[in-house]
Amino acid sequence: MPHKTRHYKRTTIHHLHKRSPFATSSRSIANERHPTRNEDSMIIDEIGGLFAVFDGVGGSAAAEIASQTAAHSTRQAWKRIMTRDRHRRKIYTFLEDCNKRDLCKILEDLILESDEQVRTSGAQRAGTDDLATTVALATFCRQPGSHEYTMVYAHVGDSRVYLLRGNERIKRLTSDDGLLTKLVENQIVNEYHAFRIDQAMRADQLSEVEYNYFRLRGGITQALGGPIPPAIHTNKASIRPGDRILLCTDGIHDNLTDEEIEDILRTSPRPSASRILVESALQRSREDRSQTIRSKPDDMSAIVMTCRF
């Protein structure tokens, strides 16, 4: 399984566009161990309605190139699709009707095209074919005759999509392509057991075997740019006014538990939710391992979208 070592970039907060039904904030920083090279990339297209995070694998300049190449390819392909759907107009916008297009297929095609670009132009730019990146992306379409939206999302690797609704507990919508998922699939542990391992704060909460699983949980089983095309996971979720959606790389969820992520999303103002997530993860990453086993220096990226009333 490839292991990822990552890293702190400047931040950008994308404020709500008048035409967007979502208030969006984003933040991305590079690993403090190489602060000038961020191996994460993001897409925040509020008008076109596409949001994505990418996390380069490997802890090198090639990892940065992999995520940048995938992000650029995805952004350009999405613009081509939206422009075509708008009868060749240069302005593209949210898809208004969920019944017009198969968005799961569109996202799958975007990822496959990005995978190809990482393996070709990305490898040429990096000077090596040993480069890869994760991806988690989402788009939205309006449910006809209502104020609700359908979010269509896709992912490869261990970048995640979360949904927080009202007083409900946070829901992780994606399952990582990693060790714990494989252990569940092979019936070595059950889902509850895997979740408990993944969310551990201290070594004394785990057995020796469980602690080894925890330490290896960051290894991923597939990514864009790998030797074979990835198996892409796609799904849909209904989005209501007030819902909050988080797309994040593992620099966030490796350092913070789901409960901590939920608390930040629930209590943070819309414009600062992503910043507070990243700052909290950064603070955790600086803690000594004697305090918590979650501490992990990394690149950290978060996009938080709040569906407006």
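The values are calculated or read from the model by the stated rules, or taken from the named source; none is laboratory data. Please read these numbers as outputs of a predicted model, since none were measured by experiment. Methodologically, a virtual Cβ is constructed for each residue, glycine included, from the backbone with ideal geometry; neighbour enumeration extends over all protein chains shown. When the accessible area is computed, the model is the full protein with side chains, heavy atoms only, and any ligands, DNA or RNA have been set aside. Shrake-Rupley method; radii C 1.70, N 1.55, O 1.52, S 1.80 Å.
In this structure, does Leu216 turn out to be open to solvent by 60 Å² or more (accessible area, probe 1.4 Å) and either closer than 16 Å to Asp158 by Cβ or of a type outside the set (Ser, Thr, Tyr) (or both)? Considered against the rule, which asks whether it is open to solvent by 60 Å² or more (accessible area, probe 1.4 Å) and either closer than 16 Å to Asp158 by Cβ or of a type outside the set (Ser, Thr, Tyr) (or both), Leu216 comes out as yes.
Taken over region 266-296, the criterion of being open to solvent by less than 40 Å² (accessible area, probe 1.4 Å), closer than 13 Å to Gly251 by Cβ and either touching a strand residue (DSSP E or B) at 6+ places or on another chain (Cβ under 9 Å) or assigned to a loop (DSSP other than H, G, I, E, B) (or both) is satisfied by Ser274, Leu277, Val278, Ala281, Leu282, Ser285, Arg294, Ser295.
For region 96-115, a residue qualifies if it is of a type in the set (A, V, I, L, M, F, W, C) and more than 22 Å from the chain's Cα centre (by Cα), and exactly one does: Cys98.
Screening Lys171 against (1) open to solvent by 40 Å² or more (accessible area, probe 1.4 Å); (2) closer than 22 Å to Trp78 by Cα; (3) in contact with a strand residue (DSSP E or B) (Cβ under 7 Å, 6 or more places away or on another chain); (4) among the charged types (D, E, K, R) leaves a single unmet condition, (2).
The residue of region 297-309 that is surrounded by the most Cβ atoms within 10 Å (Cβ to Cβ), among those that are more than 17 Å from the chain's Cα centre (by Cα) and of a type outside the set (A, V, I, L, M, F, W, C), is Pro297.
The strands (runs of 3 or more DSSP E) falling completely within region 124-199 that include 2 or more residues that are more than 14 Å from the chain's Cα centre (by Cα) and over 17 Å from Leu247 (Cα atoms) map to 132-142. If the condition is being at pLDDT 95 or above and open to solvent by 10 Å² or more (accessible area, probe 1.4 Å), then region 226-239 contributes Pro230, Ala231, Ile232, His233, Thr234, Asn235, Lys236, Ala237, Ser238. Could you please find all residues in region 133-148 being open to solvent by 10 Å² or more (accessible area, probe 1.4 Å) and among the hydroxyl-bearing types (Ser, Thr, Tyr)? Of everything in region 133-148, just one residue is open to solvent by 10 Å² or more (accessible area, probe 1.4 Å) and among the hydroxyl-bearing types (Ser, Thr, Tyr), namely Ser146.
For region 240-265, residues that are farther than 18 Å from Asp55 by Cα and either open to solvent by less than 50 Å² (accessible area, probe 1.4 Å) or not in a helix (DSSP H, G or I) (or both) total 12. None of Asp130, Asp115, Asp158 is of a type in the set (D, E, K, R), open to solvent by 50 Å² or more (accessible area, probe 1.4 Å) and out of contact with any His (no Cβ under 6 Å at 6 or more places or on another chain) except Asp130. Filtering region 46-71 down to residues that are closer than 15 Å to Leu247 by Cα and among the hydrophobic types (A, V, I, L, M, F, W, C), which residue is surrounded by the fewest Cβ atoms within 10 Å (Cβ to Cβ)? If we take residues in region 46-71 being closer than 15 Å to Leu247 by Cα and among the hydrophobic types (A, V, I, L, M, F, W, C), then Ala71 is surrounded by the fewest Cβ atoms within 10 Å (Cβ to Cβ).
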